[in-house]
1. Which ones in the range 34-58 are crowded, with 20+ Cβ neighbours inside 10 Å and either in contact with a Pro (Cβ under 8 Å, 6 or more places away or on another chain) or farther than 29 Å from ALA181 by Cα (or both)?
2. With the requirement that a residue be of a type in the set (D, E, K, R) and closer than 26 Å to GLN204 by Cβ, what does the range 267-322 give you?
3. Return the residues of the range 44-68 that are over 17 Å from GLU271 (Cα atoms) and touching a strand residue (DSSP E or B) at 6+ places or on another chain (Cβ under 8 Å); say none if nothing qualifies.
4. Does the range 70-108 hold any residues that are at pLDDT 90 or above, part of a loop (DSSP other than H, G, I, E, B) and closer than 22 Å to VAL159 by Cβ, and which are they?
5. Can you find a residue that is over 21 Å from the mean Cα position of the chain (by Cα) and either in a helix (DSSP H, G or I) or not hydroxyl-bearing (Ser, Thr, Tyr) (or both) anywhere in the range 229-238?
6. For the range 250-306, which residues satisfy the criterion of being touching a residue at least 40 places away in the same chain (Cβ under 8 Å), more than 21 Å from THR30 (Cβ to Cβ), assigned to a loop (DSSP other than H, G, I, E, B) and among the charged types (D, E, K, R)?
7. Just give me the residues in the range 59-69 being surrounded by fewer than 24 Cβ atoms within 10 Å (Cβ to Cβ) and not in a strand (DSSP E or B), in sequence order.
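The values are calculated or read from the model by the stated rules, or taken from the named source; none is laboratory data. Since the structure is predicted, the reported quantities are computational estimates derived from the model, not experimental observations. Ideal geometry is used to build each Cβ from the backbone, glycine not excepted, and the neighbour counts take in all protein chains shown.
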Amino acid sequence: MRIAKAILVFSATIAATFAAPAFAAERIITIGTAGVTGVYYPAGGAICRLVNRDRKKTGIRCVVESTGGSISNLEGIHSGDLDLGIVQSDLLYHATTGTDIFSDAGSDRNVRILMRLHAEPFTVVARKGAHIAVFDDLKGKRVYMGAPGSGPRATMEEVMKRKGWTSGTFTSVDIPAADQAKALCSGRIDALIYTGGHPNGTIQQVTARCATRLVSVTGPAIDKLIAEHPFYYHAVIPGGMYAGNPKPVHTFGVEAILVASKNLDDAIAYEVVRAVFENLDHFKTLHPVFATLDMHHMIPAGDIAPIHPGALKYYREKGLIK
């Protein structure tokens, strides 16, 4: 009788072992974001929160890492230091095609898209006493373009090329990203460049600290930039969103996209997408910038970079992609 019972216990143990999910051991995945005061960091946190809800079932534990931004995230994914990253659509395009700032590194054929996220208008914030009413007034001023390796700096450099500006057009001031509000309001810089979703914690901090003006970024050079590149679009920052800025501001923008290496396990990519899409109503409450997200807009088209096979599996199962 004891032998028979032992055999039954052993058989049950073996059956449970082989019936266990693919994620028998906990797998930690890291999402590269940006500075903690921007949108990428809480966006990564929101994604991780939903992924971690099912940690016991899937064996996946998601953690957020603050980084230098889009370029740092692309480099981290390429090197294997990051599993996922949130990046600007324009920089993703340049990384996959080996163009612009990635011309020396060459094209990265291994990066894959999981989903599209929020819109990111190119934002210029000027101190009111700096006499900057339009974008061209940046000439001769002291400007913080964003941290080296960040999306805002790369986008600003693209705009400079289009307008025929050089490093001598204005003075680029490098400061820690966390000090940009203090630097602007103390007069150390006259304007700062930012690319991100709105409402934005960084811009709220700056505009609440001192009198500022959000500056429109329009004109023939911008129109041509948008016409030539599908990852740019005309954008409007609503009026009244920030202190001292009651009127809408016209500019252009990119999108935030969640990417990974093609080497990321398909099952993990599937679970990340599933966690967000099946809890989208809750996800939209985790940060104001997500409030207007549309499920169908979040599905990648595969035009900038291929869709990750794990993500594609989810989209096809749900009939979102044929």
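1. LEU50, VAL51, THR58
2. Taking the range 267-322 as the starting set, the residues that turn out to be of a type in the set (D, E, K, R) are 271, 274, 278, 281, 284, 294, 303, 313, 316-318, 322.
If the condition is that a residue be of a type in the set (D, E, K, R) and closer than 26 Å to GLN204 by Cβ, then ASP281, LYS284, ASP294 are the ones that fit.
3. Answer for the range 44-68, where residues must be over 17 Å from GLU271 (Cα atoms) and touching a strand residue (DSSP E or B) at 6+ places or on another chain (Cβ under 8 Å): GLU65, THR67.
4. Of everything in the range 70-108, just one residue is at pLDDT 90 or above, part of a loop (DSSP other than H, G, I, E, B) and closer than 22 Å to VAL159 by Cβ, namely GLY98.
5. So far as the range 229-238 goes, no, none of its residues is over 21 Å from the mean Cα position of the chain (by Cα) and either in a helix (DSSP H, G or I) or not hydroxyl-bearing (Ser, Thr, Tyr) (or both).
6. Once the filter is applied, which keeps residues that are touching a residue at least 40 places away in the same chain (Cβ under 8 Å), more than 21 Å from THR30 (Cβ to Cβ), assigned to a loop (DSSP other than H, G, I, E, B) and among the charged types (D, E, K, R), the range 250-306 yields only ASP303.
7. GLY59, SER66, GLY68 - these are the residues of the range 59-69 that are surrounded by fewer than 24 Cβ atoms within 10 Å (Cβ to Cβ) and not in a strand (DSSP E or B).
This table checks each residue for (1) touching a residue at least 60 places away in the same chain (Cβ under 8 Å); (2) small (Gly, Ala, Ser); (3) under 26 Å from VAL36 (Cα atoms).
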| position | (1), (2), (3) |
| --- | --- |
| SER167 | no, yes, no |
| PHE170 | no, no, no |
| ASP174 | no, no, yes |
| SER186 | no, yes, yes |
| ASN200 | yes, no, yes |
| GLN205 | yes, no, yes |
| ASP223 | no, no, no |
| ALA227 | no, yes, no |
